1. Being open to solvent by less than 10 Å² (accessible area, probe 1.4 Å) and within 16 Å of the ligand (Cβ to nearest atom), is that true of even one residue in segment B:202-216?
2. Taking the options A:Gly41, A:Gly33, A:Gly74, A:Gly37, name whichever one is farther than 30 Å from A:Arg109 by Cβ, open to solvent by less than 20 Å² (accessible area, probe 1.4 Å) and within 14 Å of another protein chain (Cβ to nearest Cβ).
3. In this structure, does B:Val195 turn out to be within 11 Å of the ligand (Cβ to nearest atom) and under 21 Å from B:Tyr101 (Cα atoms)?
4. Would you say B:Thr92 is assigned to a helix (DSSP H, G or I), away from chain A (no Cβ under 14 Å) and more than 16 Å from the ligand (Cβ to nearest atom)?
5. Identify, please: which residue in segment B:142-165 is facing another protein chain (nearest Cβ under 8 Å) and polar (S, T, N, Q) and is, among those, most open to solvent (accessible area, probe 1.4 Å)?
6. Evaluate the following for B:Ala187: is it surrounded by 24 or more Cβ atoms within 10 Å (Cβ to Cβ) and in a helix (DSSP H, G or I)?
7. For segment B:96-148, enumerate the residues that are assigned to a helix (DSSP H, G or I), within 14 Å of the ligand (Cβ to nearest atom) and under 11 Å from the mean Cα position of the chain (by Cα).
8. Across segment B:265-292, what is the number of residues that are within 16 Å of the ligand (Cβ to nearest atom) and either over 26 Å from B:Arg20 (Cβ atoms) or under 23 Å from the mean Cα position of the chain (by Cα) (or both)?
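The values are calculated or read from the model by the stated rules, or taken from the named source; none is laboratory data. Keep in mind it's a predicted model, so treat the numbers as computed, not measured. Note that each Cβ is placed from the backbone with ideal geometry, even for glycine, and that neighbours are counted across all protein chains shown. Protein only, heavy atoms only, side chains kept; ligands, DNA and RNA dropped before computing areas. Shrake-Rupley method; radii C 1.70, N 1.55, O 1.52, S 1.80 Å.
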Amino acid sequence: MTTTEAKPITMAAALNAALRDAIAEDPTVVVYGEDVGPLGGVFRVTDGLQAEFGENRVWDSPLAESGIVGTAVGMAMYGMRPVVEMQFDAFSYPAFEQIVSHVAKMHNRTKGRVALPMVIRIPASGGIGGVEHHSDSSEAYWTHTPGLTVVMPSNPADAYSLMREAIRSDDPVIFMEPKSRYWSKQEVALPVTTEPIGTAKVVREGTDVTLIAYGPTVATALETAEMAEAEELSIEVIDLRSLSPFDDATVGASVRKTSRAAVIHEAAQFGGFGAEVAARVTEREFYHLAAPILRITGFDIPYPSPKLEEYYLPTPERILNALATWEWELP
Amino acid sequence: MSLNVETKPTVGLPDPEPLRLIDDEGRAVRSSARQGFELPPVATLKELYRRMAIARRWDTQVTALTRQGRLATYPSALGQEACEIGTVLAMTEQDWLFPTYRDSIALMTRGIDPGELLQGFRGDWHSGWDPKKHRTSVQATPLATQALHAVGYATAAKLNGERIATVTFIGDGASSEGDTHEAFNFAGVWQAPTVFVVQNNQFAISVPLSKQTRARTLADRAIGYGIPGYYVDGNDAAAVYAVMSRAMERARRGDGPTIVECLTYRVEAHTNSDDPTRYRTADDVAIWKGKDPIERLERYLVSQDALSDADRDEITAEGERKAAATREAMSAEPVLDPMDLFAHVYVNERPSLVEQREFLKAEGNR
Ligand SMILES: Cc1ncc(C[n+]2csc(CCOP(=O)(O)OP(=O)(O)O)c2C)c(N)n1
C-alpha cells in the first residue's frame, strides 16, 4: 500500500499509485494495453508497474483496441480484474462493439450469472494541444449505454479513490481521465478515500447559480466562480465525478437552493451529456427553477486543431458572459 | 507460465486438399493420405455417430417447432453435425466453449438443458443457462466477437497455471470481421490455449465464400499469425475429431493456438426467415445433401460391423426422448416477470433503475 504524508501529487501519480496498490493487493488485477509496459503509458500512468510486478501482471498487448477489450471480457469471465488502457479517447472507437454489445450487456444477458469486473481507462478530452483524434470527449457514448458505469475525476484524490473503487467494483467501469488535468497537483496523503461512485460533490458553495461540471471543466468552473466574486455573483460548483450513475440528489439540492444551473462540458452540445443533465434536472426541479438550464459546451463541430482549440473550449469568460446575458426573468 | 514466449513459430501452409479420414462412400482413407492423422478407435466413431444422429433429430425438431411459431427464430446446423459434434467430443468438461447462434447442437451435446438453451430463440431471455456451470459462454450474435472472449479466457487460465483450452466457432462470413483477425493475432502473440474452429458452410446468409476472400482456404491465414492451420473435410466427423483432439491436446500442453477450417455446407436456410432460393439452386443443395456426414459415418460403421440393431434402437430412442423433452419445454408458456428487466443490468443496485422498475410496476397495477 502506498502510504505518504500529505504532499502535492499529480493526477497521473495518483492514478499510478491506485493501480500499484490494486495490483499489490489483489492477485487477479492485471493491466495491459498499448505501451503500458516499459514505457509506462504515453501519459506515464503505468510508470514502473511492469518493473515492479512483472510481465504477467502488466504487459504490452498487440495494438488493437477491440482485441484489448474483447480479451478483457474473457479474462473477467475467468475471474480476473483486467484494467485496460485505450491510449486516447478517439482510439477507443475500434472497441465500441465489444464495449456496447458485450461489456455492458453480459451480466444482463446471463441473468446475473456472469459479471464482468473490468476497468477501461480512457485518457479523455482536450486542452493539451493534441493534433486531431487526440482530444475527443466520448462520455455521451458510454453514458447512453445501459450496463456501464462511467466516472471522470477532476483531481488527484478522487482519481486515486475512484480508481480503487472502480477496480473493486463487480460492474464494468469506463474510467475517463481528463488529459489536461494529468499534471495538475493537489496536496494528498495516500491512500485516500473520497466519496463513492454515484456521488457528486459540491466543491464550492454559492447561492446565485450552480455550475455543473466534471473532469476538465471543474477547474474552469472554479475559476469562473473566483472571477464572479468580483461581480458579486455567488456561484456554487458541483463536480459530478460519476456521470453514470448520476447523483440526482446532490444536484437537485443545489438547484433548489440557487434556482439556476448551467452545465459545462468540453464535448459538443447536441445530444451531449449536458442535455441529459438539463433534462433530468428540469423534470425533477422545474418548480424551483427560475430559468432554463444552460449548456455551455464545445460547439457542434469536430474537435479543432491545436491552434484553434482555445476558441472551442468553454472558458471562464465565456461562462460569465453566458450567465450575464442569460434571460431568466419573466418579461 | 508466461506470456513472453521466445519460441520461433514453425508453421507452414495447410494441404490444399481437405483432410479426410473417411471418404464420401464411407471407406477409410489410405494411411498415406491421412496427413499424419489416425482414424479414431471404433468406440469413438460410434459415439460420434450416436451424438450426431441425436443432434440431427433434435435440430429437426427445433426447426419444426420454429415453423409452428413456438420459437421466434432458429439457425439450424443441419448438415454441420460433424464440425459441431466432432469439436465438442474433443473437449473435456474443463474446457470452455465460446459459441455462436449457429451452434445450438453443440450446446445441447455439451449437456445444456434444451429448455434453458432455447430461451434466447424463444424470446424469453437473451441467454438461459449458467455459463459457468456448463463452461459454455453465451451464443454470440455480433459476429466474431466471441473469438476474443475465448482468447482472453484462455490467456487468464494460462496465467493462472490451469491447463485447459478454449474453443470458439467462427463462420466463414465472420472470418472477414476484424475481431477474427485480432483474435488470431492475440492468440498467436500470447500463445493462448485457444482452438479456432472456422465452420466454412460456404454461405454468410446469402453471400458465398468467393465474396469473402481471395485466399485459397481460410486456414491459409494461419501462417500469417504464426499459428498452425488445418483444412479439414467438415463432413467427416472422424477427421474433425482427430484434428481437434490434437489441437486441443496441444493447447492444453501449453503449445498455443490452432486454426481449424472445416469445409461443410449449410443445408437449411440461414434462419427460418431466409429464402435461399434467391441465391442458390436446389441442385447445389442436393449435391451437398449427398455428402451427409451422418450417412458417411454410418456406412463406415456398418462396413466394420460396428452398428447393431440395438445400437440403432438406442440412438433413435434417445433422439426421440430429446425431441419430446424439447417439444414439452417449448409448449409450456414461460412465466416471465417484467421486473427482471431491471434486475441484472448492474451488480450494484442503481437508484434510477429502481425508480423505473417502480414506474413499470405501477403501470401494471393501474
Ligand atoms: C457484426 C455483425 N454484422 C452483421 C451481422 C448480421 N448477420 C448475422 S448472421 C450473418 C451471416 C454470418 O455468416 P457466417 O459467419 O458464415 O455464419 P453462418 O451464419 O453461416 O453460420 C450476418 C451478416 C451480425 N450478426 N453481426
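1. Within segment B:202-216, not a single residue is open to solvent by less than 10 Å² (accessible area, probe 1.4 Å) and within 16 Å of the ligand (Cβ to nearest atom).
2. Criteria check complete, one pass: A:Gly37.
3. In short, no.
4. Values: assigned to a helix (DSSP H, G or I): no; away from chain A (no Cβ under 14 Å): yes; more than 16 Å from the ligand (Cβ to nearest atom): yes.
For B:Thr92, the condition - assigned to a helix (DSSP H, G or I), away from chain A (no Cβ under 14 Å) and more than 16 Å from the ligand (Cβ to nearest atom) - is not met.
5. Out of the qualifying residues, it is B:Asn160.
6. Working: surrounded by 24 or more Cβ atoms within 10 Å (Cβ to Cβ): yes; in a helix (DSSP H, G or I): yes.
When the stated conditions are applied, B:Ala187 passes them.
7. B:Tyr101, B:Arg102, B:Asp103, B:Ser104, B:Ile105, B:Ala106
8. Filtering segment B:265-292 for residues within 16 Å of the ligand (Cβ to nearest atom) gives B:265-276, B:278-280, B:284-285, B:288.
Retained after the next criterion (residues that are either over 26 Å from B:Arg20 (Cβ atoms) or under 23 Å from the mean Cα position of the chain (by Cα) (or both)): B:265-276, B:278-279, B:285, B:288.
Of the residues in segment B:265-292, 16 are within 16 Å of the ligand (Cβ to nearest atom) and either over 26 Å from B:Arg20 (Cβ atoms) or under 23 Å from the mean Cα position of the chain (by Cα) (or both).
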